[in-house]
Amino acid sequence: MTDRAYLELSIATGKSPSLSHSWSEVRALTNVLLTIGAWIAAILASIPLVSVLYMLIVEGGSRLSLELFTELPPAGFELGGGFGNAIVGTLVMVAIAAAISIPIGVLAAVYLSELGPNNKLGQTSRFLAKVLTGFPSILAGVFVYAVVVLAMGTYSAIAGGIALSILMLPTVVLTSEEALKMVPRKMKDAALGIGCTRTQMIWKVVLPTALPGILTGVMLGVARVSGESAPLLFTALFSNYWLNSLSEPAASLSILIYNFSSMPFENQIQLAWAASLVLVLIVLVFNVLSRLLGRPKY
Amino acid sequence: MSNHPFALAGSAGAVSQAPSGGEYLADRGFRMFALVAASLLIVLVAYIIWKIGGQALPAIRDYHFDFLVSTNWNVQEKKFGILPGIWGTLYSSLLALLIGGFFGLAVAIFLTQGFLHKRLAFVFRLIIEMLAAIPSVVFGLWGIFIVIPAIRPAANWLNEHLGFIPFFGTSLSGPGLLPAAIVLAIMVLPTVAAISQDALNSVPYRTKEAAYGMGATRWEVILKVMVPTAAGGIFSATVLGFGRALGETMALAMLIGNSNQVTLSLFAPAETLAALLASHFPEAGPAEVEALMYAALVLLAITLLVNIAGIGLLTLTQRRISGKA
């Protein structure tokens, strides 16, 4: 039956034409097969995360105890031990990175969104910020080695923090710029209209309004760098002792995992899993914080 | 007289007033700071290129372009070459992109084309984003203890029975190219998925409705309308994913085996530029550091080119879809 005849018949009988596909049609069959394929691909794509989390909880969780947080890494055949100094080192270096990149990043974002969004300088630095998001983290380490470590003559927590700040900066700049751009034009115009200087407008209207979004960017940046290890390899190095001064080599969780993963001792491998669990938890906490803080209030 | 609206400005009790001298100066100063901060990004990138280039200069003078095509890495004889590194970097990244790009695109289609209820799609999107939050070094650890043992039987079976094919030319004893590429693919997947989702979401709704209205099946709509329309964005997603894979360090340093050879075999240990830096730099003497700086410069050049291409493409296609250009 041709389509036209079918249509006429259906009008004559008062029934509407059938819109359903027949399963025997090749295109309908392809459709079903591809849908099944998409489901399989999606399930396969989520297996790695499930497997990683399972291993972290089973292998790392079984070793979890208070002494992990209070003791120093064990040497060679020693049993027990922990990685308290590595947790401190990671947090200190992330704090240094945040202290450097937040002020610079937010100021640059203010320039990009408020002061010169479309001029040459604004466009160039926005483009370079995007380029820097794909900057290999190991090269940040090489760069800081050449600039800071060679100048100071020693590996240090400061050098590690600076290396991390280079990786954190583009995230802070780009997400803060997005947040600042979301502030309604009306509010900015109203502030300027009652005689605010642009600085007053930015400080009293734009920044407070955009604060949740900026905090999201900052937290994302922190989450991103707290798991980094490549830039710390030859800037902060590693240390088996507690951090005494910022100009000394410092331990970090990620380097501890890297070092212990290649050791032939069961104890060290277990510690590497436990450290991974702690590291992933730290990263996840910052990720969740960024989501909670970034929730629009109105 | 005092009721005149203009007389109020500047008079006592008025809401608005002209900025004072101090406010004027503060304004100028703050804007100056913001300008400096924005310029700092440019200065930083320029300084990075200049500094790494400068450190590499002695090695460039010593080894010229032989460095790029030689396969030696001998500290005693001061003979350095990074052909295996360049080859391994490109090979592992392309392999990872093939696997990760396929799954990333599949996930992006799955999440944007109404396969899942909105809530479920949100949860699934969270899972994929969480994948991006797992640190590289944790993936490395997972790769050593899960991926390598899991694929070893299959790899060795392929080597035994199909060993004449160059890709299966060696057996997998431990670390190697394939486990590294698999883990790398998992790390590339979230990048590709996220940007492809944006690209698919930015296809105008009426385009999709028009296709459905003509009686196309769901997959005809996806493959013949949605994906081609979003192709520019999806392509730049893969280029940016490729850029990410090229620079990835720790997981590769732990999984690829750090062996200085050029090989087609998927199961042989290999080397990448980033892994070379990570494994040799901490213990390198002055001569080796110079050679490593040259390697860093090569890596910098490759990743900058790929990233600039990816971002350029993305900007172009976004402009075309939103019709601003």
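Residue-wise test of (1) without any contact (Cβ under 8 Å) to a residue 24 or more places away in the chain; (2) more than 26 Å from the chain's Cα centre (by Cα); (3) under 30 Å from A:THR216 (Cα atoms).
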position	(1), (2), (3)
A:ASN244	yes, yes, no
A:SER252	no, no, yes
A:LEU256	no, no, yes
A:ASN259	yes, no, no
A:MET263	yes, yes, no
A:ASN267	no, yes, no
A:VAL278	no, no, yes
Report, by residue number, each residue of the range A:83-124 that is in contact with a Ser or Thr (Cβ under 7 Å, 6 or more places away or on another chain) and free of Cβ contacts under 8 Å to residues at least 24 places away in the same chain. A:LEU121
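Quick grid of which residues meet (1) touching a residue at least 40 places away in the same chain (Cβ under 8 Å); (2) more than 9 Å from every other protein chain (Cβ to nearest Cβ):
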{"site": "B:TYR91", "(1), (2)": "yes, yes"}
{"site": "B:ALA108", "(1), (2)": "yes, yes"}
{"site": "B:HIS117", "(1), (2)": "no, yes"}
{"site": "B:ALA121", "(1), (2)": "no, yes"}
{"site": "B:VAL137", "(1), (2)": "yes, no"}
{"site": "B:TRP142", "(1), (2)": "yes, no"}
{"site": "B:ASN159", "(1), (2)": "yes, yes"}
{"site": "B:GLY163", "(1), (2)": "no, yes"}
{"site": "B:PRO166", "(1), (2)": "yes, yes"}
Could we say that B:ILE128 is in contact with a Ser or Thr (Cβ under 8 Å, 6 or more places away or on another chain) and either crowded, with 24+ Cβ neighbours inside 10 Å or over 16 Å from B:LEU246 (Cβ atoms) (or both) here? yes
Tell me which residues, restricted to the range B:54-70, are more than 30 Å from A:THR133 (Cβ to Cβ) and surrounded by fewer than 15 Cβ atoms within 10 Å (Cβ to Cβ). B:ARG61, B:HIS64, B:PHE65, B:ASP66, B:VAL69
Could you look through the range B:73-83, keep only residues that are in contact (Cβ under 8 Å) with a residue 60 or more places away in the chain and assigned to a loop (DSSP other than H, G, I, E, B), and pick out the one that is farthest from B:GLU283 (Cα to Cα)? B:ILE82
Some residue of the range B:95-104 being assigned to a helix (DSSP H, G or I), at the interface with chain A (Cβ under 8 Å from one of its Cβ atoms) and out of contact with any Leu (no Cβ under 7 Å at 6 or more places or on another chain): yes
Note on A:ILE202: of the conditions (1) part of a helix (DSSP H, G or I); (2) away from every other protein chain (no Cβ under 13 Å), unmet is (2)
Given (1) assigned to a helix (DSSP H, G or I); (2) under 13 Å from A:ALA86 (Cα atoms); (3) more than 11 Å from chain B (Cβ to nearest Cβ), A:LEU293 misses just (2)
Could we say that A:ILE257 is at the interface with chain B (Cβ under 9 Å from one of its Cβ atoms) and in a helix (DSSP H, G or I) here? yes
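If the requirement is being part of a helix (DSSP H, G or I) and under 23 Å from B:ALA274 (Cβ atoms), which of these qualifies: B:GLY174, B:GLY140?
B:GLY140
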Does at least one position in the range B:184-198 carry a residue that is crowded, with 18+ Cβ neighbours inside 10 Å, of a type outside the set (A, V, I, L, M), within 30 Å of B:ALA268 (Cα to Cα) and under 27 Å from the mean Cα position of the chain (by Cα)? yes
Within the range B:164-183, tally of residues that are surrounded by fewer than 14 Cβ atoms within 10 Å (Cβ to Cβ) and more than 28 Å from the chain's Cα centre (by Cα): 3
Consider the range B:139-148. How many of its residues are touching a Ser or Thr at 6+ places or on another chain (Cβ under 8 Å) and under 20 Å from A:LEU44 (Cβ atoms)? 2
Quick one: which residue in A:SER51, A:SER101 is in a helix (DSSP H, G or I), touching a Leu at 6+ places or on another chain (Cβ under 6 Å) and at pLDDT 90 or above? A:SER101
Here the residues within the range B:274-292 that are facing another protein chain (nearest Cβ under 7 Å) and farther than 27 Å from B:GLY241 by Cβ are B:PRO282
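Can you tell which of B:ILE86, B:ILE42 is more than 20 Å from A:TYR111 (Cα to Cα) and part of a helix (DSSP H, G or I)?
B:ILE86
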Within the range A:39-75, track down each residue that is surrounded by 14 or more Cβ atoms within 10 Å (Cβ to Cβ), within 14 Å of another protein chain (Cβ to nearest Cβ) and either of a type outside the set (A, V, I, L, M, F, W, C) or touching a Gly at 6+ places or on another chain (Cβ under 7 Å) (or both). A:SER46, A:PRO48, A:SER51, A:GLU59, A:GLY60, A:ARG63
Hey, among the residues in the range B:221-246 that are at pLDDT below 90 and within 8 Å of another protein chain (Cβ to nearest Cβ), which one's farthest from B:THR272 (Cα to Cα)? B:LEU240
What number goes with the only condition from (1) crowded, with 24+ Cβ neighbours inside 10 Å; (2) more than 26 Å from the chain's Cα centre (by Cα) that A:MET93 does not pass? (2)
Can you tell me how many residues within the range B:310-320 are within 11 Å of chain A (Cβ to nearest Cβ) and either closer than 17 Å to B:GLU248 by Cβ or over 12 Å from the mean Cα position of the chain (by Cα) (or both)? 4
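Condition check ((1) modelled with pLDDT of 85 or more; (2) β-branched (Val, Ile, Thr); (3) at positive phi) across all residues:
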{"residue": "B:VAL15", "(1), (2), (3)": "no, yes, no"}
{"residue": "B:ALA18", "(1), (2), (3)": "no, no, no"}
{"residue": "B:ARG31", "(1), (2), (3)": "yes, no, no"}
{"residue": "B:ALA34", "(1), (2), (3)": "yes, no, no"}
{"residue": "B:LYS51", "(1), (2), (3)": "yes, no, no"}
{"residue": "B:ALA56", "(1), (2), (3)": "yes, no, no"}
{"residue": "B:ALA59", "(1), (2), (3)": "yes, no, no"}
{"residue": "B:ASP62", "(1), (2), (3)": "yes, no, no"}
{"residue": "B:PHE65", "(1), (2), (3)": "no, no, no"}
Yes or no: A:GLU78 acidic (Asp, Glu) and within 13 Å of chain B (Cβ to nearest Cβ)? no
Name the residues in the range A:232-248 that are at the interface with another protein chain (Cβ under 9 Å from one of its Cβ atoms) and either of a type in the set (Asp, Glu) or crowded, with 24+ Cβ neighbours inside 10 Å (or both), would you? A:LEU233, A:PHE234
Quick one: count up the residues across the range B:17-53 that are more than 7 Å from chain A (Cβ to nearest Cβ), small (Gly, Ala, Ser) and surrounded by 13 or more Cβ atoms within 10 Å (Cβ to Cβ). 1
Answer yes or no as to whether A:SER125 is polar (S, T, N, Q), more than 10 Å from chain B (Cβ to nearest Cβ) and crowded, with 18+ Cβ neighbours inside 10 Å. no
Among the residues of the range B:293-309 satisfying the criterion of being within 30 Å of B:PRO204 (Cβ to Cβ) and surrounded by fewer than 19 Cβ atoms within 10 Å (Cβ to Cβ), which is nearest to the other protein chains (Cβ to nearest Cβ)? B:ILE308
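The values are calculated or read from the model by the stated rules, or taken from the named source; none is laboratory data. All values derive from a computational prediction rather than experimental measurement. Cβ sites come from the backbone with ideal geometry, for glycine too, and all protein chains shown count toward neighbours.
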